[in-house]
Amino acid sequence: MIEFHYGQLVRCECTFSTSDVSVDPDDVYFAFRAPGDAATTTYHYGVDDEIVKTDTGDYYVDLDASTAGRWQYRWYSTGSGQAGVYREFRVLDAQI
């Protein structure tokens, strides 16, 4: 599992593609859960500014790793270019 230090800005990137060609899906979503959170936060591209598009099919969200523990996130899309991927990372406790 990838580890980050407490307080780091964590860039969560995703590329949507079909047959190795980048595509823009109809709708792109990013959902995450920080350690200790009971609820999942979901962003929708074009509605929420947190999702940034850098090129065809390429998107990212920066998360403020201000909570130690295991973070979970998922990129997914609907309609044309439908896909999904789940990832997680750990934020280490601040020792000082």
Original post:
Which of 70, 33, 11 moves the most in a Gaussian network model of the chain with Cα springs under 10 Å?
Top reply: 11
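What do you get for Rg/Rh over the chain if you use C-alpha atoms and the Kirkwood form of Rh? Can you show the working numbers first?
Values: Rg = 14.1 Å, Rh = 14.0 Å.
So for the chain, dividing Rg by the Kirkwood Rh gives 1.01.
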Original post:
In terms of the Cα gyration tensor, with a ≥ b ≥ c the square roots of its eigenvalues, is the stretch 1-44 rounded because a/c is under 1.5, prolate because a/b exceeds b/c, or oblate?
Top reply: oblate
Original post:
What list of ³J(HN,Hα) couplings, whole Hz, do you get for the stretch 5-13 from phi and the Karplus terms 6.51, -1.76, 1.60, once you set θ to phi - 60° and write x for glycine and proline?
Top reply: 8, 3, x, 5, 8, 9, 8, 9, 10
**OP:** Take the alpha carbon atoms of the stretch 43-96, find their center, do the same for the stretch 23-39, and report the distance between the two centers in whole angstrom.
**Re:** 6 Å
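The numbers here are math on the coordinates, done by the rules we state, and not lab data. Keep in mind it's a predicted model, so treat the numbers as computed, not measured.
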